[in-house]
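Please read the structure below before turning to the comments.
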Amino acid sequence: MKFIISIDGRTCSGKSTTIKLLQQKLKEIYDIDVPYFSCGQYYRENLQNKIPNEQVDDEMIKFMRSVYENNDVAIIDGRSVSFAIKSGDILLSNKPLISILFDVDKNTQLLRLIERVQSNHPEPLKYAMERDASDEQRCFARYQRNIFDKQYYDLYLNTSYLSIEESLNAIIDSIEQRGNIRKKTLLYAEETDTPLGKKLLTRDDINVIFLRFEQHCHFSEQYIIDTYAQHVFTVSASRSYEEEALRFHSWTSEIGANPDYFYNGSEFLQEKANIFARNLGLPALNDNQILWTRDKLEMKTKLKLSGIAVTEFSPIYNKDDIANFAALYGYPIIFKRRKGQSCMDTYKLSNKQDVAQLPISDISPNKYMVEKFNDGKEWIIDGLIQDGKVVRTFLTYVPNSPLAAMTDGLVRGHIACNDVPKNFNFVPDDFIQKIITSMNLRNGYIHLECFIDKKGLPVVGEFGWRPSGHRIIENHAYASGVDIYDAIIDTAIGKTIHIQPQTEKSKTIGNVFLPKRSGTITEIVSKEQLLAKDGVFDVELFDKVGNTHQLQRKSSETAGYVFIEGKDIESVETRMQQIRNYYQNNIRTK
């Protein structure tokens, strides 16, 4: 990566302010530290009153050229700096020089000069007003060019009409076009609209290619509109991944955005997306890692072999296997898909009659499993992982298990807990680190559901190698002040995560699922009514009057989320129940 930015300009045209912000922007976008060289500072420190005036120009030119010759990347500003560099043979090298002229109208310049004097700037007003004309005459004598003529520069910026942000964006565009530099591109796999996908739309430091798979596109109309102008590639279901990889490479060559990184935000697409990414030559999960992070039976087998406690489990191939497992461990037991989600096809079996009435007729090999029922309190331990190391964990208390909430009509929700509970006889960071190390998972986010036994130790139910759903991340963002979605993206693109230690007392934040009903909605609670309730500070509603819905048997069913703050877990849980009851009692369907 090589480029030199030379900046010339009139007094008070905004060079110094923009340069400082430009350095920050280049670090943020490309993760490079670009040194800054000031001709004015060099003159004051090394030449002023030290050599005869007639020698100053020659010494300044030597300095300007040395910056170009001895730096791969740099910003240098001054008067006639672009002319000084371009006048030598050094530009025969392949190092790009991006010359920029900052200009300002006389009236705007005068106002800025007066403001500068009023702020006790050391340069006298009269000298500052005469400096542009003096430098123009001096440089014309040497180069026979007007240093303020925009035709001699790659980029002309009149800051009388441009904001600093507009000037910065123009410079960044020029660097990308002329310099050997570009934004990194992330290939992001998705099956539905999520907060992470929406966050990617706001990131201006990377290019994003949204990867979708035909027959697995479940996006809202608004999200399709929001991503319509983005780079979107949909993998065809009728062709092999090898064929689609060739089509993808041809497509990216046309748009000029070959991916550098890959991230999968969907549990359902874990296998498809990672295999496709590997066909593109991108770092992705290997076959074993795909099994461990997607197939619950393979996951628990791996964890158990690694010395990590899990609920007892077994594969099943028929209903006799279920009965045999129950004879060994006793009822109740849990029947579920090995690659399931949202508790779909998940059943709590309490006796032989429940087994006989299980509404699954085809128990195919390698599709289902059973596990011992755990009546302990459920917790979620999420973790940000970078370079195979735990950066930070986030704890969530679950008042009722998703299955119980779905089948027994209990409150469904989550509560962010920033302090490790006293009954935890383990360190969450160390626990997650052991799991990550056992599977050699490198960069991403782990969402782990577990039960705390009587000794205060965790027993793993299952985990996902992807962001938490159901606004769990938002709970922690509200409680801790950490923008977790930004941090997940940073891990995906290899950008070092810097999470500042918490300085304020952490908040206790919960979110409650609003219950859905089958039928057409004729009356519903408004957002304003919910916001008026104790502790409620944010509401996300999906349903409205006129919507028709057929209730499905899955734990992710919700009419929306209500975010609640309280002094502790107990107070938040009480308010969650009150909000759920209020909403349920005031919705009407036909």
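One residue stands out in the stretch 463-483 among those that are modelled with pLDDT of 95 or more and either of a type in the set (A, V, I, L, M) or in a strand (DSSP E or B) (or both): the one that is nearest to the chain's Cα centre (by Cα), namely Ile473. Taking the numbered list (1) farther than 25 Å from Lys25 by Cβ; (2) in contact with a helix residue (DSSP H, G or I) (Cβ under 8 Å, 6 or more places away or on another chain) in turn, Ile172 passes all entries but (1).
Scan the stretch 400-411 and report the pairs whose first residue is of a type in the set (Val, Ile, Thr) and whose second residue is modelled with pLDDT of 90 or more and assigned to a loop (DSSP other than H, G, I, E, B), with Cβ atoms within less than 7 Å and a gap of 6+ or a chain change. From residues that are of a type in the set (Val, Ile, Thr), the pairs are Val411/Pro399; Val411/Asn400.
Quick check, is Leu291 touching a helix residue (DSSP H, G or I) at 6+ places or on another chain (Cβ under 6 Å), surrounded by 16 or more Cβ atoms within 10 Å (Cβ to Cβ), in a loop (DSSP other than H, G, I, E, B) and not basic (Lys, Arg)?
No, not satisfied.
If you go through the stretch 294-327 one residue at a time, how many are of a type in the set (Val, Ile, Thr), closer than 25 Å to Gly444 by Cβ and in a strand (DSSP E or B)?
1
So is Ala405 more than 29 Å from Ile316 (Cα to Cα), surrounded by 13 or more Cβ atoms within 10 Å (Cβ to Cβ), small (Gly, Ala, Ser) and in the same structural domain as Ile484 (by TED's automatic domain parsing) or not? For Ala405, the condition - more than 29 Å from Ile316 (Cα to Cα), surrounded by 13 or more Cβ atoms within 10 Å (Cβ to Cβ), small (Gly, Ala, Ser) and in the same structural domain as Ile484 (by TED's automatic domain parsing) - is not met. The lone criterion from (1) within 27 Å of Gly307 (Cβ to Cβ); (2) crowded, with 17+ Cβ neighbours inside 10 Å; (3) at pLDDT 95 or above left unmet by Asn425 is number (2). Within the stretch 98-131, the residues that satisfy the criterion of being over 26 Å from Leu155 (Cα atoms) and not basic (Lys, Arg) are Ile114, Glu115, Val117, Gln118, Ser119, Asn120, His121, Pro122, Glu123, Pro124, Leu125, Tyr127. Quick check on Ser518: is it under 28 Å from the mean Cα position of the chain (by Cα) and hydroxyl-bearing (Ser, Thr, Tyr)? It is false that Ser518 is under 28 Å from the mean Cα position of the chain (by Cα) and hydroxyl-bearing (Ser, Thr, Tyr). Candidates are the residues of the stretch 328-349 that are in a loop (DSSP other than H, G, I, E, B) and more than 42 Å from the chain's Cα centre (by Cα); the one that is surrounded by the most Cβ atoms within 10 Å (Cβ to Cβ) is Tyr331. If I filter the stretch 395-436 down to residues being hydrophobic (A, V, I, L, M, F, W, C) and part of a strand (DSSP E or B), which single residue comes out as nearest to Gly510 (Cα to Cα)? Only one residue fits best here, namely Ile415. Of all residues in the stretch 279-311, which are modelled with pLDDT of 95 or more and farther than 30 Å from Gly494 by Cα? Scanning the stretch 279-311 gives Leu297, Thr301, Lys304, Leu305, Gly307, Ala309, Val310. Exactly one residue out of Arg442, Arg392 is assigned to a loop (DSSP other than H, G, I, E, B) and closer than 29 Å to Leu282 by Cα: that is Arg442. Note on the stretch 231-267: among residues that are touching a Gly at 6+ places or on another chain (Cβ under 9 Å) and charged (D, E, K, R), the one that is surrounded by the most Cβ atoms within 10 Å (Cβ to Cβ) is Glu267. Can you say whether Phe537 is among the hydrophobic types (A, V, I, L, M, F, W, C) and more than 26 Å from Ser342 (Cα to Cα), as far as the supplied structure shows? Answer is yes for this residue.
The values are calculated or read from the model by the stated rules, or taken from the named source; none is laboratory data. These numbers were taken from a predicted model, which means no experiment stands behind them. Backbone-built Cβ (ideal geometry, glycine too); neighbour counts: all protein chains shown.
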